[in-house]
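Engineer: Below is one structure. I have some questions about it.
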Amino acid sequence: MNRLLVIILLLAAGLSSCKKGFDVAEEVRAQGVVDDKIVEDYIAANGLTTTAKRIDTTGVFYIVIAPGEGNDLFTNSTKVTVDYHGKVLTSGQEFTQSNNFHPSFTLGEVIRGWQLGIPQIKKGGTVRLLIPSRYAYGPYPQPTIGLPENSVLDFDIQLLDVTN
């Protein structure tokens, strides 16, 4: 009898943890709907419907300001040197910029929105990226840079150099 009770309790605990995992996935999907609406409303309100292009089905939009030149091939190990300015799309609050320092990053180490957006230009080019939170920092706040959770981001990135 005690074994049956233990088995029932283990099954109940297992099923409750599955439901909790489902709730997290549902929260991510719900936040995605919110983020996509924020970006699409911003594009419409600011007259960017003809210039902003969506990267596949991601919800990340890009606007090529200057295409750059060359035939660079981008992989996760590509090193990029950039000049950038980032703000929260909904508030306009600036949270990061490179100033006079031009950092280099391996493309595979940056947020997913950058991984998708930077290859839209070539060396010397400039791109504006509108990035839903799921392709940035998601539900994780970034207190060191003053970024709240689920922040939709707006980046201007100039690609200064590309090294493979």
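The values are calculated or read from the model by the stated rules, or taken from the named source; none is laboratory data. Quick caveat: nothing in here was measured; it's all calculated off a predicted structure. When we count neighbours, we look across all protein chains shown, and the Cβ atoms used for this are built from the backbone with ideal geometry, even at glycine. For accessibility, only protein heavy atoms count, side chains too; no ligands or nucleic acids. Shrake-Rupley method; radii C 1.70, N 1.55, O 1.52, S 1.80 Å.
Engineer: Which of the residues belonging to segment 25-50 are free of Cβ contacts under 8 Å to residues at least 40 places away in the same chain, of a type outside the set (Asp, Glu), open to solvent by 50 Å² or more (accessible area, probe 1.4 Å) and within 18 Å of residue 63 (Cβ to Cβ)?
Structural biologist: 44, 45, 46, 47, 49, 50
Engineer: Quick one: would you say residue 126 is within 18 Å of residue 76 (Cβ to Cβ) and in contact (Cβ under 8 Å) with a residue 24 or more places away in the chain? Before the answer, list the steps.
Structural biologist: Details: within 18 Å of residue 76 (Cβ to Cβ): no; in contact (Cβ under 8 Å) with a residue 24 or more places away in the chain: yes.
For residue 126, the condition - within 18 Å of residue 76 (Cβ to Cβ) and in contact (Cβ under 8 Å) with a residue 24 or more places away in the chain - is not met.
Engineer: Regarding segment 97-108, can at least one residue be identified that is in a helix (DSSP H, G or I) and either open to solvent by 30 Å² or more (accessible area, probe 1.4 Å) or over 15 Å from residue 153 (Cα atoms) (or both)?
Structural biologist: So in segment 97-108, the residues in a helix (DSSP H, G or I) come out as 107-108.
From the residues that got through so far, the ones that are either open to solvent by 30 Å² or more (accessible area, probe 1.4 Å) or over 15 Å from residue 153 (Cα atoms) (or both) too are 107-108.
Looking through segment 97-108, at least one residue is in a helix (DSSP H, G or I) and either open to solvent by 30 Å² or more (accessible area, probe 1.4 Å) or over 15 Å from residue 153 (Cα atoms) (or both).
Engineer: Give the residues of segment 57-71 that are out of contact with any helix residue (DSSP H, G or I) (no Cβ under 8 Å at 6 or more places or on another chain) and touching a residue at least 12 places away in the same chain (Cβ under 8 Å), sorted by residue number.
Structural biologist: Here is the first cut: in segment 57-71, the residues out of contact with any helix residue (DSSP H, G or I) (no Cβ under 8 Å at 6 or more places or on another chain) are 57, 63, 65-71.
Selection gives 63, 65, 66, 67, 68, 69, 70, 71.
Engineer: Restricting to segment 113-123, give me the number of residues that are open to solvent by 10 Å² or more (accessible area, probe 1.4 Å) and in contact (Cβ under 8 Å) with a residue 40 or more places away in the chain. Reasoning before the result, please.
Structural biologist: Our first condition is that a residue be open to solvent by 10 Å² or more (accessible area, probe 1.4 Å); within segment 113-123, this holds for 114-116, 119-120, 122-123.
Narrowing the set further to residues that are in contact (Cβ under 8 Å) with a residue 40 or more places away in the chain leaves 114, 116, 119-120, 122-123.
Qualifying residue count, segment 113-123: 6.
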